Structure formats: C-alpha cells, structure tokens
Amino acid sequence: GCGSSGGGDAPTTADGVAQVKVGVIPIVDVAPIYLGQQKGFFKSRNIELTMESGQGGAAIVPGVVSGQFQFGFSNVTSLLIAQTKNVPIKVVANGVASTGEAGKDFGGVVVRKDSPITKAADLAGKKIAVNTLKNIGDTTVRESVRKAGGDPSAISFVEMPFPNMPAAVEGGQVEAAWVVEPSLSAVTAAGGRVVAWNYVDAAPDLTVAAYFASSKLIGENPDLVKRFTEAMNESLAYADAHPDEVRAVLGSYTKIDAKVREGLTLPKWPTAINKPSVETLAKLGATDGIFGGATPDLAKILP
Amino acid sequence: MLEVKGLRKVYRSGTREVEALRELTFTVAAGELVCLVGPSGCGKTTLLRCIAGLLEPTSGQVEVGDKAGLAIVFQEYGRSLFPWLTVRDNVDLPLRQKKVPRARRRQLVDEALTAVGLAGTESAYPWQLSGGMQQRVAIARAVAYEPSVLLMDEPFAAVDAQTRADLEDLVRSLWQRLGVTIMFVTHDIDEAVYLGQRVLMLSASPTVIQDELTVDLPAERDQLHTRADPRFTALRTRVYEQIQLAKVRTGTASGAAGELSSADR
Amino acid sequence: MLEVKGLRKVYRSGTREVEALRELTFTVAAGELVCLVGPSGCGKTTLLRCIAGLLEPTSGQVEVGDKAGLAIVFQEYGRSLFPWLTVRDNVDLPLRQKKVPRARRRQLVDEALTAVGLAGTESAYPWQLSGGMQQRVAIARAVAYEPSVLLMDEPFAAVDAQTRADLEDLVRSLWQRLGVTIMFVTHDIDEAVYLGQRVLMLSASPTVIQDELTVDLPAERDQLHTRADPRFTALRTRVYEQIQLAKVRTGTASGAAGELSSADR
Amino acid sequence: MTDRTEPRPAGADRRRAGEGQEGMPGLHSMIKRFLLVIGLPVVLFATWYLASANSENFYAPPLRQILVAFADTWTLDRLRADVLPSLARLGAGYLLAAVLGIALGVAIGANPRLRAASEPVLEFFRAVPPPVLVPVIMLFAGIGNGMKIIVIVSGCVWPVLLNTVEGVRATDSVLSDTSRAYGITGVARLRHLLLPAASPQIVAGLRQALSIAIILMVISEMFAASNGLGFTIVQFQRSFAIPEMWSGIILLGLLGFALSELFRLAERHALSWYHGLRDAQRRS
Amino acid sequence: MTAAERGAPRTALLGLSGLAGLLLLVEVLPRAGIVSDSYLPPASRILAALGREAATGPFWVAVGDTLLAWAIGLAIAVVAGVTVGIVIGAVPVLRALTASTVEFLRPIPSVALIPLAVLLYGSDLGSTLLLVVYAAFWQVLVQVLYGVADVDPVAADTARSFRFSSWGRIRYVLWPTALPYVFTGVRLAASVALVLAVTTELVIGAPGLGAVIAVAQTSGAIPTMYALIVVTGLLGVTINVAARATERHFLSWHQSVRGEASA
Ligand SMILES: Nc1ncnc2c1ncn2[C@@H]1O[C@H](COP(=O)(O)OP(=O)(O)OP(=O)(O)O)[C@@H](O)[C@H]1O
Ligand SMILES: Nc1ncnc2c1ncn2[C@@H]1O[C@H](COP(=O)(O)OP(=O)(O)OP(=O)(O)O)[C@@H](O)[C@H]1O
Ligand SMILES: [Mg+2]
Ligand SMILES: [Mg+2]
C-alpha cells in the first residue's frame, strides 16, 4: 500500500485492472459491496477489490485522504462534519438507508423488558447509550423524542460500542440504548422492547451512510471513480433484490450466528441518495451544535 | 546450651557439589566462650549459619537453647548493614523488634556505639563509613542486642591492631558481664587463644574437628601480660602446629589449595 | 614513579562533611614496596582511590607514571568481583581488556589461581566461595594482570594465618620478579614490616603522615627467620609506638574513637 | 606523565554541584538544569515548526495552527471540565494500582509457590488488550468512574507488580539472613527489609506505570465517557478537528512531563539513601 | 537431579492449577447466575467456540499475522530500547538532555497516533508496527535506564581501575547489571506489544486476531469473542514461559534466581 502514498491513484496491473482498497466497517450495512465482489460486478469493470475493515471514521477517513484506501464507507453525519472542516472527500455512491418503516427498521432505541419507558417521549431526561457522541445516533434520537412531544435537551447520552449495549441495558447501567442489527435482535430476543425508531422518525427513507473518495482521486482518476460508482450501484440494487443472498454473504465476513442471520431486519440499499434526508440530518446536526457553528455545504460533499 | 550432632552440609548448585562440612559433633556449655579456627574455605561460616538456623543442614542436628536471644556478626559486614538506615537506626532496629522500651534502647545504642569507638557517626549512613567502621557498626548492633548466644564471624578482620585489641577486651568484658555464650571465628591464632576458654580447630575440607584445646589461662586477661605469658606462647604454638597438620593432611604442599572438593556428576 | 603532593580530600553529602585526608605529600620510587598503616577510618582507602584516579581530590595532586598498568585489590572484595562471571572469567576479563593473547592469558590465569591456592575452583561463581576464597580471587586477578603499579587494600584480611603467610611470600616474590611498584595497606604491623621496604604511618583523622620508617631488613626474607630477627622486633615496636601516639594525639583515651570529624553546617 | 585525574562525565559534576549547596553554585546549576530540560524540546519543536510550516496534509497541519488551536481550546473552563475529572480518575487509578501492585508483588516475590501458581493467570490477563477487556469490566463495574478507574488499574498495575516481584526476589541474601538472625520477621521484615530493598526497582515500576496510567486514562475515556481529556481528544479526532486533536496530544505530553517531574522529586526524597549510595564514590 | 530441575515440573503444575482455578471461576459465575451467561458465557462454551475456531484456516492465518507483527515490533523495540538506553544511561549529559523529551513523549498513547499510522501505512503491517514499537520501546528504555543506574560503585570502580575500554565497561559491567531490569522490561514490552498489536488490528482492521475479534464483537458472537480473547491471553502466557526460561538461563548468577536453586 505504501506505493500509492503519492496520491489517490490506484496501482494498475498490466492488463488494466485497478487494485482498489476500500475501508469498510464489518457490519450488515456493507453487505452489498461483498456481494457485488462475489458476483463479479467489480471485476467486470476492471476493479479488483480489497476490503480493509476499520472501526469507524477515525481509521477510515485518514486512510482515504492519504490515498492508502481509494474508497471508504462512512455515515452521513460524519461526512457532513468532515465537510464543515473541509476534509477533501466527496461521496461517490450511496451506502445504506433506513427501511422507513417503524417496527421494521434495522436500528432503534431499546429498553429493558420491565422498564417504565414505553414511548419515545418517556426518553426525555434519561441516560441513553449511543455508539458515538455528537453523531447520527444522538441527533436522530433527539429528533424522535422531539417529534413525540418530549424535551430532548435533558437526555444524557453516553458512548459505548454497540455490542456492549445489550448487557448495559440489561444490567441497568443505562436506561435505554440506541442499537442496530445484530445487537437489536439480541435485545429483542432477550425480551427487550423498542420504544423509538429514530431513523424512521428523523426523515422518511433516511440515507444513513455512503461511500466516498478523496477529492484528489476524483479529480485525477474520474474514470476509476465512475466505474466504482457503477459497480457499487449494481451491487446495491442486487442486494436490495436478493435478501437471501445478503444473509448468506454475511456469513463470509461477519461471525453473526446463522440463526440470527435469518431473523435480522435488513436495511434498504437504494442506489440514489435521498438528498432531503441528508438535508434533514444537516439541520438536526446544526440544531444540536455538532458542526461547531458551521453549516455543511451539501453541494460540496454530495455528488 | 548449644549442641551440634553429626552435622553435615553439602552445597549443591547445578552440577557443582561441595561438601562443606563432613561431620561435626561438639557442645558449647551455656556461658562458654569458644573460638573456632580453621583454614580458609573449610566451612566456618557454613557452620555458624547452620547454628543460627539460616541454613538447613544436609544431615545432623543443631540445638540452641534460646534461639530468640541469638545475635550474629557476619563476615560480610558491608552487606549485612541496611544501606537505607543510618548507623543509629541499624543498631536500633533489632532492639525495636525485641520491644525494648525507648529510653533503654537509646541508652543501649549509645553505649554500644561508644564502646566500638563510633560515637559521633550516628547519623551517617553505612556507606559513608570506612570498611573497619562498618564492621564496628555490625559489632555494636550485636552488642546492643544483649543476646544470650553470640556468633561472630571474623568480626575484627577489617580493623587496625589497636582497635582490634580494644574490641577483644570489649568482647571479653561483655561476656563476663552478661554471661553470654559466644562462638567466635577468627583467623588470628593469638586472638583465638587470648579470647577463648576453648579453641576448636577445624580441618581443611572435608571438614571434621581436627583438635580441641582448653585454654587454661587465668580468667582475668589483659593485652600486655597475657600475651607475654609463656603458657600463652605454648598454647598458640600448639594451635599453629595443628593447623599446619590440617593442611598437610589434605596432601597439598602449598597448604592453601585443596580445601574444595568439587564433584561433577 | 608515584607522587602525591598536598593531597586533601573532603567528603560532602548533605549536611555531613568529613575531612578524610588533610594534607599528604610523599613519593614512591619505581619498583618500591611501601606499606601503609593507620587507624581504622583514617583515610587509607580514600588515598588509594585517589591514587587510582577513582576519586577526585579536593585539592592537591597525584601523579602516577604509567596509569595503564595499574591494578587495585579492593577492601570490599565481595563487591569487586563480578557475580555474573565465573572465577576464571573474573581473572581473565582484565587480561582480555588488555588484549593479551589467548594462550598467554590461559597461562597467566592458571598460574595466578594456583598461586593463591584456588586451582580447581575455576568454574565456580564468586558467591559460591567462602569470604577468604573470594578475597584470593581478587588477589589472583591483580596478580595475573602483571601491573606496573599495584595497590592493595587490606588484601589478606579474610584469610587464615597460614594462607596469609603464603600470600605474603607470593607478593614479595611477584614484586622481586616483575619489579612492580606496590602500595600495600594493612592493619597488621608485623605484616607491614615483613613486607615493606618502607612503612608509612598515617595519623588519625584529620589525617597527615605521622611517621615514615625504612625497613632495613635484608631483601631475602622468610617467615621463620625474618620474624625472629631482633631488628624485625625493634622495627615493629617502633611502628606500634607511633600508632599509639597517633591515637593519643587525637585526644581520645580509648584510642578507637575520634577519627571522624563531622561538621554539621 | 602528568595524567592526574581521568576526565569525568560532565553530568556527574553538574549533579554534584547542585546538591546541598546554597548561593551561587546552586543558582548556577539550576539554570543549567533548566537549559538541559528545555534544550532538546525547543530544538525538536523548532524543527517541527519549520518542517510543517507549508504542510498541505489535512492530518498533519502546520504547528502554527496547532499552537493557535491550543490557546483557543484549552481554556480554564475546558481544563476544569475535562482535565480535572481525568486527573482525578488518573490519580485514583494510579494510587490503587500502586498499592495493589506493591502488595501483590511483595506477596508473590517473597513466596515462590504463590508465584508459580499465580504467574500464568496474571500473564493471561496482562496479555488481554484493555479495549477488549473493557466490556467485561463494564459487566461488573458499570460505566461510571469506577469502570474507568478499574481500566487504569488493570493496565498500570503490571509494571509495578513485575518490578516489585523482581525487586523482592533480588533482596541481598546476607541482609535477609541478618534480618532473620535478629528476629526481624513478619510485618517488620516487610517494612524494614523487603520494601526498602526492592524500592529502587519498585520506583522503576511506578515510573513506568505513570505514563501507562495516562495512556489508559485516554483509552478508558473512549468507552462510555462523556467528559475527560481522552474523550475530548477522541472527539476532536472524530469530528476532524485535527489541529485541536494535536493540541490535545501535546497537552497529554505536557501533563506526562509535569507528572514525571513531580515523580522525580518524590523519588529523590524517598530513595535518598539509594542515590547517595550510588553517587557516594563518584562525587568529590 | 538438581533442585532447579526438580522444581520445574512442580512450578508448571502449580501454574496449571492457577489457570484451572480461573477456568472454574468462569464456569461457575455464569452458571450460578451471578452474571448473565449471554454476556459472560461459561468456560465450557468459550472453549467449545475456541475449538470451532481452531478448526478453521483463517483463524491460524490471523494468529500468524498477529504473532508476526508482535515479533517484529518487539524485536525492533527491544533492540532500539536497549541500545538507546545504554547509550543514554552511560553518558550522563545525554541522560539529562533527553529526560524531558522522553517524559513528554512517553505518555502519548499509541491509540492517539492511529490517524498518523493510517496516514502513513494504511491498514498494513506498517501501521501495526509503528504503534507496537512506539508503545513497547518506552517500556524497555525506562527499565534499561534504571538498570544502568543500579551498577554497584565498587564493581564500576573495579572496571575503571583495570582500564576497561568503554565497550568493555558496557559489555561486562553495565550490561550484566542492567540485565535483570532488561528482562523485566522485555516481559513488560512483550505483553504491551501483544496488546498493541491486537488493539491496532481491532481498531484499524490490520489483518490479525484483533480484526477477527472486531468482527466477532460487531456480530454479537459473544462466545467466539471470548474464545479469541482467551487466545490472546494464552499467547501471553506462552510468551512469558519462554521469557522465564531464557531468564533462568541468563540470570543463573543473579540473586533472584540462585536463591531459588538452593532452597
Ligand atoms: N562516601 C563517603 N561519604 C562520606 N564519608 C566517607 C565516604 N567514604 C569514606 N568516608 C569517610 O572518610 C573517612 C576515611 O574513610 P576510608 O574508607 O578512607 O578509611 P580507611 O582508612 O580505609 O579505614 P578502614 O581501615 O576502616 O578501611 C571515614 O571517616 C569515612 O567515614
Ligand atoms: N552458596 C554456596 N554455594 C556453593 N558452595 C558454597 C556456597 N557457600 C559456600 N560454599 C563452599 O563451601 C565451602 C565452605 O565455605 P565457608 O564460607 O563456610 O568457608 P569459611 O570457613 O567461612 O572460609 P573463610 O574463612 O574463607 O571465610 C567453600 O568451599 C565454599 O566454596
Ligand atoms: Mg567465612
Ligand atoms: Mg579502608
């Protein structure tokens, strides 16, 4: 990988196949790229993919900016924050979206079986776990509470990795937690209840995450970016249409139990980015002050 | 009061095996002062360590009447003082362990340090002292402890002749005053005869008791007259001859080698 | 060959200040054997350390002809041997540093160890030896080094009388054979007279040279006859008296105290 | 021919001059010490400043920007809100680790059997990375300060423990025999022999532990935290406030340096006998 | 048979019994309901998961990757730490000059350097090495510095009086004195290196055990996660056993080792 430190160019083999590294988080959301790789959607466009799994933006964004990775996967709010700081990156393909259906989304706010909290409004003033503070989790949860008529200002959010949340809810260390699949299934299987569908509440068909590249790569190798976007779109569409194959491919890069895999609620993988929902996220973020007073310029970050 | 029966000690480490003591049997009566002489490396230190219970004998037995009242002055004086304690605290610590009242402790420490000629160095650390001074601190510590059994391993090796004479007299007066049982290891034959009621001579390795000598000099001794006594000269010659014999018996002409039996297995 | 001029040494640590040497001036000719006696704590070790260049004098100068060929036997023999090396390696190491060829080294080490009576212990570690044996290893190391200047600080303190006599003869024969310059610190007045061509007597602290004595005994000495020589007795008496005087001059009756001047500031 | 004394290391003289003397030499040596302390860092910072002046790299901004961010970020309020809680947790965790490490270390070092039985288990836990240990700790200790303190303890107890064990094992045999002969046993043996004898090595362990404690303070604040220095730095990193992030790292370094200076003073005091002993023959 | 040889099997037995006690505790805690078994599964289930993992190829590749990163990183850190430590320790001016910088750099957590590492090396071995070496280096360095300061003045004087060359002094006096400290440093560094290797893999996804743990974590595969943690722990135990054996060999002269042989 050190060879490519000069810029965003991917090393290309003699027969014109580009070696591309993509920084992803090994969760359900990125199933399409693995599926697309399996189906040869990338190979047919002369792209040879290597997936590099990192834990969140801290590891992936610097890799993309420095050209260690050609593409990366990140949630939209992080991308918006990056834009306000003028990080030289830009979205090249959609990533994952909410199902838009309360009761059937891949993320939600859960409480213990015997918790007195029964609806989103009850979350006001409670201690809620999110995976990252000042990010998509807390802004959308606040919106849920706000929409339900509660006061979101007194919620205290604590940060904790998703996998730890079931235990924290169960043990009463937090009163509620925003979890996504497969932890969501784990909580409900143990009798926990979902009291708010924050993605659904925030915006209809919310675009949650996207694939991005560095501005440099986009400027210097537009052809590669175009091929990647096409392959990605094909993969997204295919994944959306073939949930069984998605469940199967999950077994190849995660360790989700086969039984759990069957029962998971899968997200949506539309090819188009839902711009109004991104605008909503930008607005919510601004309300909650996570951009430090700046306003994200959507035109600069979205394709 | 102090009984050693069939004592044997073999050091083992790795493939090296040294029989330091082959078989020792003797008794020391309560209140007796016995000197121990023997060639370098014959096992005197080993014997003292066994008596003090610091070393497990390979076989045989050691019985000491009152182990609690036992004090020892080590040959390696430099390493037996606590470098983190001042001279005063080094002497004081065992007394505190013995729960001697504070005022009495103070008195004992002062007396002992004065007796060995170290009044004025109380607040120094051992490593700020000369070799001989360190050795005297170790002696003062043992003296202040008022033991019922006192084991001394070449305690005067590092002090000058005059101080040595003073310390010899100190040991004798202490012994007479407190009735303490003393085992005294020395290389100096004159010293052994001057001090002891009895002199035990150890052979070179493999070590047994080569000879034993009762010193029939008067109980009141002093440096000038006792050493000039013809009986004294006769006794010291006797000890000297025995030690020569011990060396010769081991078959080495130089007399300095061969006290080590090393058995590689 | 060895010149000490107005040497003064004050130890300072914290608020404690000790004037170990007040003012020493003397010369030792090349190939001379000088013995140094003086009360415990008077500064003999300090003097040797200054000569060896291990300690910075507070004032005054030390000049040594050939520093490269200087060897020293420390009073703290136990700590001056490297515990991580066997007896053989301890003796061998300085020779390797001196780049002596391997075969010659082997020979020197074997000779030296045999001379001090330690043949057979080559593969032991120092801490497996008795105190006297350790001291002899340190002596063997200095002897094998074939120095041009040899400083010895109470080298025979921990060995028995017979071994001591052997080692004394070893030092004299070495000195005669190699023409080495030797400064020899001892507490034993007889030893000083028996060994030296000259005896330097240091006073108690604050230390100056109390007296100096040329030993006009024949160059060929042996334990039996030399010590029986009336001249020998006369000389040793002279040294003894001077040392007594040194003690008395400091004004302490016991003669053992007062060699320390501690100035709290 | 006139080789009087060997040239000695300059540092030795310097140290010598500093101790136990007032007036000019003391002041002189203080200035010298100050220059020594400040010298290399100044050079390094200057190099950094010049080398980064025209940096285009988003993640390696010019030092100038970082320094500006430093002044803007670490206001008194910020220090009170984020640094104080961190320091409190750090202090609690460090002290606990020190006590635990020394206590366990003495017990294990003095008892070969206990050591044999406990060593594999301890080594097992030592090899488990704190980030994966945290969930387990959370199970038992919740997510409050207790958890963070335990995380700090779980990481920085090791250097103290290991060094104490080794220090106790290496106690001089003659000293140990002396104690036994004079009936210095039990608690007295601990207080008057084992602890002082092992203290140089214990101090080495404590010093190691100090910087590890700071590191773990940061790591513990990556989980279930809502304030603290580590939390803030991670937050900056995530929100792409890169100059601010670097300024936080610099603050960590400064903190480490300040604490280690405090430590040095304490060590000089507690181990004065040891330093005296070691310096004894090197000084004039 | 010498005492040391007799002692070895017994030591191993005691050690194993200690581990067995830990296993028992982990088995009993969840079974007795003291903690929920969905968050801390009983030891038997963890071991079963471990068995399943161990039967797969990728697992061993991951173990190999981690060990490789660990070994290279540790080797670099130890060599650098010892060299720098002895040079700095032997020259007081250097020690005084670098002290503040060392104290400044030491507490900077490796995790805070992750962006820098990714920037330079992506998620390759290089990243892991950078972080591993950074963390482990200080462990060795500080121990060596303390070790060098512990030289017995009489031993040092002996070397000086016999005109040892600088190298001779380092090789025969400084080094043996510092060796026990170095061993402690290496043992500390070995586990820190392992911790950092796994953590880096966990966070930036460099190939290795850590990456597998991350996958197990995000997948909610609790027993598998614990099984992998057990593997890192066992690696630590193995490394320590090896370190102890070398130590016994090289430090047979040292008080701490010889005391045991004669007992
Ligand atoms: N490191 C030190 N710090 C302070 N004072 C010291 C130090 N070393 C020696 N002294 C003092 O210097 C004086 C002379 O000590 P030195 O060791 O030279 O005596 P010495 O003549 O060799 O005595 P001995 O015959 O007992 O070995 C003593 O009073 C001692 O207390
Ligand atoms: N720890 C040990 N390991 C192996 N051998 C030892 C050990 N300690 C002593 N020895 C051996 O035991 C023998 C007797 O030693 P010891 O120290 O008892 O002699 P000593 O009579 O006190 O001699 P010295 O008068 O020289 O002090 C020596 O041959 C020595 O090598
Ligand atoms: Mg002995
Ligand atoms: Mg001396």
Largest first and to the nearest Å, give the Cα extent of the range B:149-216 along each principal axis. 34, 27, 22
Give me the percent of accessible area attributable to carbon and sulfur for chain E, probe 1.4 angstrom. 74
Kirkwood Rh, angstrom, the range D:39-100 [1 / mean 1/r, Cα pairs]: 14.4
Evaluate the relative contact order of the range E:1-96 (contact order divided by residue number), counting alpha-carbon pairs under 8 angstrom at least 6 apart; express in whole percent. 12
Based on DSSP H assignment, which helices of chain D show an axial Cα extent of at least 24 Å together with a mean Kyte-Doolittle hydropathy greater than or equal to 1.0? D:24-52, D:84-110, D:145-169, D:195-220
Can you pull out the trypsin sites (Lys or Arg not before Pro) in the range C:73-145 that DSSP calls coil and that have at most 16 other Cβ atoms within 10 Å? C:LYS99
Rolling a 1.4 Å sphere over the protein heavy atoms, what is the accessible area per residue of the range E:44-89, to the nearest Å²? 46
Dividing the mean separation of Cα pairs under 8 Å (6+ apart) by the residue count of the range B:9-128 yields a relative contact order in percent of 19
Those residues of the range A:192-212 whose amide nitrogen sits under 20 Å from the label point placed on A:THR287, 7 Å along Cα→Cβ: A:195-209
Rounded to whole Å², per residue accessible area for chain A with a 1.4 Å probe reads 36
Taking a point 7 Å out from Cα toward Cβ as the label site, list the nm distances between B:ALA234 and the same residue in every other copy, smallest first. 3.2
Can you pull the percent of the range D:60-283's accessible area that's carbon plus sulfur, 1.4 Å probe, other chains left in place? 68
For chain D, report the translational diffusion coefficient in µm²/s to the nearest whole number, using Stokes-Einstein at 37 °C, 0.692 mPa s, and a Kirkwood Rh over Cα pairs. 148
Might you tell me the accessible area per residue for the range E:174-263, computed with a 1.4 Å probe and given in Å²? 26
In the C-onto-B rotation, chain C's nearest residue to the axis by C-beta, with distance in whole Å, turns out to be C:ALA157, 2
Separation between the B:GLU17 and A:HIS242 pseudo-spin-labels, each 7 Å from Cα along Cα→Cβ, expressed in nm? 7.8
Could you pull the copy-to-copy label distances for B:GLN176, with points set 7 Å along Cα to Cβ, in nm to one decimal and sorted shortest first? 4.6
A student asked for the Cα radius of gyration and Dmax of the range A:158-202 in angstrom ought to give 10.0, 29
Kindly express, to the nearest 10 degrees and within the range 0 to 90, the angle between helix E:92-105's C-alpha long axis and the longest C-alpha principal axis of chain E. 20
What residues in the range D:80-118 lose 10 Å² or more of accessible surface when the other protein chains are added to their chain alone (1.4 Å probe)? D:PRO112, D:ARG113, D:ARG115, D:ALA116, D:ALA117
Kirkwood Rh in Å, taken over all unlike Cα pairs in the protein assembly as shown: 35.7
May I ask you to report, in nm to one decimal and beginning with the shortest, the distances from B:ALA29 to the same position in the other copies, taking label points 7 Å along Cα-to-Cβ? 6.0
Here the residues of the range C:153-171 whose accessible area is at least 50 Å² smaller with all protein chains than in the chain alone (probe 1.4 Å) are C:ASP160, C:GLN162
Can you list the HN-Hα couplings for the range A:208-223, worked out from phi with the Karplus curve (6.51, -1.76, 1.60; θ = phi - 60°), rounded to whole Hz and with x for Gly and Pro? 8, 8, 8, 8, 9, 9, 7, 4, 4, 5, 4, x, 8, 9, x, 5
Where C meets D: accessible area buried, both sides, 1.4 Å probe, Å²: 1400
5 Å is the cut-off here: which amide hydrogens, built 1.01 Å from N in the peptide plane, fall below it relative to A:VAL208, excluding neighbours closer than 5 in sequence? A:VAL96, A:ALA97, A:SER98
How far apart, in nm, are the 7 Å Cα→Cβ label points at A:LYS43 and D:ARG80? 6.4
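For chain D, what relative contact order do you get, as a whole percent, if you take Cα pairs closer than 8 Å and at least 6 residues apart? Each step should come with its number before you reach the end.
Details: 255 pairs, mean separation 63.7, N = 284.
Result for chain D is 22 percent.
Within 10 Å of each Cβ of E:219-229, how many other protein chain Cβ atoms are there on average? Provide the component values of the computation, followed by the final result.
Values: counts 15, 16, 7, 6, 1, 2, 5, 3, 0, 2, 8.
So the per-residue partner count for this stretch is 6.
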In square angstrom and rounded to 100, what buried accessible area do you get between chains D and E, total over both, with the probe at 1.4 Å? 6500
Take the Cα coordinates of chain A, assign each an equal point scatterer, and use the Debye formula without solvent to give log10 I(q)/I(0) at q = 0.07, 0.11, 0.15 Å⁻¹. -0.26, -0.64, -1.16
Could you compute how much accessible area chains E and A hide from each other, both sides summed, with a 1.4 Å probe? Nearest 100 Å² is fine. 2000
Enumerate by residue number the trypsin sites (Lys or Arg not before Pro) in the range A:81-138 meeting two conditions: DSSP loop (anything except H, G, I, E, B), and at most 13 other Cβ atoms within 10 Å of the site's Cβ. A:LYS104, A:LYS113, A:LYS119
Which three numbers, in whole Å and largest first, are the semi-axes of the equivalent ellipsoid of the range E:7-102 derived from its Cα gyration tensor as √(5λ)? 42, 20, 17
When the Kirkwood radius is taken over all Cα pairs of the range D:160-264, what Stokes-Einstein diffusion coefficient follows at 4 °C and 1.567 mPa s, in µm²/s? 78
Could you tell me the largest-minus-smallest coordinate of the C-alpha atoms of the range C:1-83 on each of the three principal axes, in descending order and whole angstroms? 41, 38, 24
Cα Rg over Rh - the range A:190-229, Kirkwood: 1.33
List, largest first, the extents of the alpha carbons of the range E:78-126 along their principal axes, each in whole Å. 40, 21, 13
Among E:VAL186, E:VAL91, E:VAL203, which one shows the highest mean-square fluctuation when chain E is modelled as a Gaussian network with alpha-carbon springs under 10 Å? E:VAL91
Over the alpha-carbon set of the range A:137-188, divide Rg by the Kirkwood Rh and report the Rg/Rh ratio to two decimals. 0.98
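Based on the Cα atoms of chain B, what semi-axes does the equivalent ellipsoid have, where each is the square root of 5 times one gyration tensor eigenvalue, given in whole Å with the largest first?
Working: eigenvalues 182, 104, 63 Å².
Gyration-tensor ellipsoid for chain B: 30, 23, 18 Å.
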Solvent-accessible surface (1.4 angstrom probe) belonging to E:SER252, in square angstrom, nearest 10: 50
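Could you tell me how many cubic angstrom of Cα convex hull volume chain E has per residue?
Details: hull volume 44.8 nm³, N = 263.
Residue-normalised Cα hull volume stands at 171 Å³.
Among the listed pairs A:LYS216/A:LYS300; B:LYS67/B:LYS99; A:LYS104/A:LYS268; A:LYS39/A:LYS275; A:LYS119/A:LYS268, give every one whose C-alpha distance is greater than 18 Å. Write out the running numbers ahead of the final one.
Numbers: A:LYS216/A:LYS300 14 Å; B:LYS67/B:LYS99 16 Å; A:LYS104/A:LYS268 11 Å; A:LYS39/A:LYS275 29 Å; A:LYS119/A:LYS268 25 Å.
Correct reply: A:LYS39/A:LYS275; A:LYS119/A:LYS268.
Taking the Cα centre of chain A as origin, work out the dipole magnitude from +1 charges on Lys and Arg Cβ and -1 charges on Asp and Glu Cβ, in debye rounded to 20.
Details: 28 positive and 30 negative charges, 50 e Å.
Rounded to the nearest 20 debye, it is 240 debye.
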Would you mind giving the average projected area, over all directions, of the Cα convex hull of the range E:56-208 in nm² with one decimal? 9.9
Scattering profile of the range A:214-264 from the Debye formula, Cα beads only, expressed as log10 I(q)/I(0) at q = 0.13, 0.14 Å⁻¹, is -0.49, -0.54
What percentage of the solvent-accessible surface of the range B:15-153, computed with a 1.4 Å probe over protein heavy atoms, is contributed by carbon and sulfur atoms? 48
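The values are calculated or read from the model by the stated rules, or taken from the named source; none is laboratory data. What you are looking at is a predicted structure, and each value in this text was computed from that prediction instead of being measured. Cβ sites come from the backbone with ideal geometry, for glycine too, and all protein chains shown count toward neighbours. The accessibility values were calculated without ligands, DNA or RNA, using every heavy atom of the protein model including side chains. Shrake-Rupley method; radii C 1.70, N 1.55, O 1.52, S 1.80 Å.
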